[in-house]
Amino acid sequence: MGQHRRQRSRRHRLLAPSLFTALSAVVVAAVVAGTHGFDLSDATAAGKEARSARAVAPAPAATTAAPASPGPAADTTPSGSPTPTAAPTPTASPTPADSPSATAAAPDLHNVALGTTAPAPADNRETATVGALFSGSVAAGNHFCTASVLHSDTGNLLLTAAHCLTSTDGVTFVPGYRDGSAPYGTWRVTAIHTAAGWSQKGDVDEDFAILETAPSNGRKVEDVVGGNRLGTDEPFGATVRLYGYPADAEVPSLCTNTTAQQSAYQRVIRCPSYPSGTSGGPWIDTATGDVVGTIGGYQQGGDTDDTSYGAYFDHTIADLYTQAEAAAS
């Protein structure tokens with residue numbers, strides 16, 4: 001289905017094909033304007049959507065509204081002005097009880113060339129917190145977006161882009177997924193929390209979501225792989241590690257570079273080869289280790305593989321995090 005560029009919804013797929021068919025032509029045209037996704041349905045769209053039109057419609061019934069000051073309705077024009085300070089055969093996966101714990105340090109930044117993309121290292125503590133989202137069986141080619149474990153008292157929360165999914169039906173998170181295997185286990189997604197601006201009108205400045213997961217063999221996901229702290233109100237000019245699972249690859253990509261301000265509520269980063277499937281990938285601040293963004297937002301992550309966007313993390317996601325943690329308790 002299509003090309004490597006992230007035109008309309010390159011970073012995601014539509015989780016529930018039945019939802020896709022239920023949408024009117026007008027709605028489809030309005031919401032499939034991103035690029036970091038992937039489409040499981042047979043329908044195709046322009047540009048990046050041609051191979052990925054996966055998660056495009058907000059699902060108010062499945063969301064938790066967070067108090068916010070929503071920007072304009074979802075379109076490709078940034079808005080607002082805050083004051084921010086080869087697919088291998090899948091292999092058997094161990095159950096969480098048998099899976100290893102990720103203990104290695106974060107990637108070494110020495111001699112890292114900024115703005116270059118390469119496969120993320122395996123068996124690394126930070127990399128282990130990043131995984132792929134699957135619809136159906138955990139097998140090569142079935143993943144559609146990226147997510148990461150978000151540190152919480154409940155130990156069962158994930159961070160991704162809101163445009164990545166509209167339903168939890170059959171959705172599974174696999175941290176550290178690589179070459180068809182699930183080294184740490186798999187966790188079922190049970191709930192989606194989005195901010196009011198997104199759930200009510202698809203505000204691109206609130207294109208982030210917090211997911212709940214069910215225990216797997218009695219173990220919570222954060223107990224196995226750890227989690228990244230949420231960072232808010234951080235400077236736009238932060239150096240981050242950007243992770244993502246391209247839809248046509250079986251290992252995650254990693255790029256380190258400095259972000260910039262695209263608009264009042266949007267970050268931008270230049271990293272090559274981040275096509276569909278990478279939506280929801282975390283932006284991890286190299287100075288603090290906090291996650292300060294996720295691929296999504298403007299153009300649902302970007303219309304080209306080499307430029308990625310992310311909604312700015314401020315009080316809106318902080319409020320959402322508080323609500324999601326309370327609901328997950």
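Quick rundown of the values:
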quantity: Solvent-accessible area of residue 236 with every protein chain in place, 1.4 Å probe, in Å² to the nearest 10; calculated: 20 Å²
quantity: Positive minus negative residues near residue 257 (Lys, Arg vs Asp, Glu; Cβ under 10 Å); calculated: +2
quantity: Amide H within-cut-off set for residue 150, under 5 Å, with H built and near neighbours excluded; calculated: 157, 158, 159, 228
quantity: For segment 238-329, accessible area per residue (1.4 Å probe, heavy atoms of protein chains only), Å²; calculated: 24 Å²
quantity: Ranked packing of 240-246, 184-190, most packed first, by mean Cβ within 10 Å; calculated: 240-246, 184-190
quantity: Segment 174-190 - phi-based ³J(HN,Hα) in whole Hz, Karplus 6.51/-1.76/1.60, Gly and Pro as x; calculated: 10, x, x, 3, 7, 6, x, 10, 10, x, 10, x, 9, 10, 7, 7, 10
quantity: Segment 205-271 versus segment 115-181: alpha-carbon centroid distance in Å; calculated: 10 Å
quantity: Protection-proxy order for peptides 224-231, 145-152, each taking the mean of Cβ atoms within 10 Å per residue, highest first; calculated: 145-152, 224-231
quantity: Apportionment of accessible area to carbon and sulfur, segment 242-329, percent (1.4 Å); calculated: 47 percent
quantity: Relative packing of 276-284, 159-167, 321-329, 298-306, which averages over residues the other C-beta atoms within 10 Å, highest first; calculated: 276-284, 159-167, 298-306, 321-329
quantity: Percentage relative contact order, segment 203-264, counting C-alpha pairs under 8 Å, at least six apart; calculated: 23 percent
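The values are calculated or read from the model by the stated rules, or taken from the named source; none is laboratory data. Keep in mind that what you see is a predicted model, and the values were worked out from it rather than measured. Here the Cβ is made from the backbone with ideal geometry for all residues, glycine too, and neighbour counts use every protein chain on show. Please note that ligands, DNA and RNA were not included when accessible areas were found on the heavy atoms of the full protein model with its side chains. Shrake-Rupley method; radii C 1.70, N 1.55, O 1.52, S 1.80 Å.
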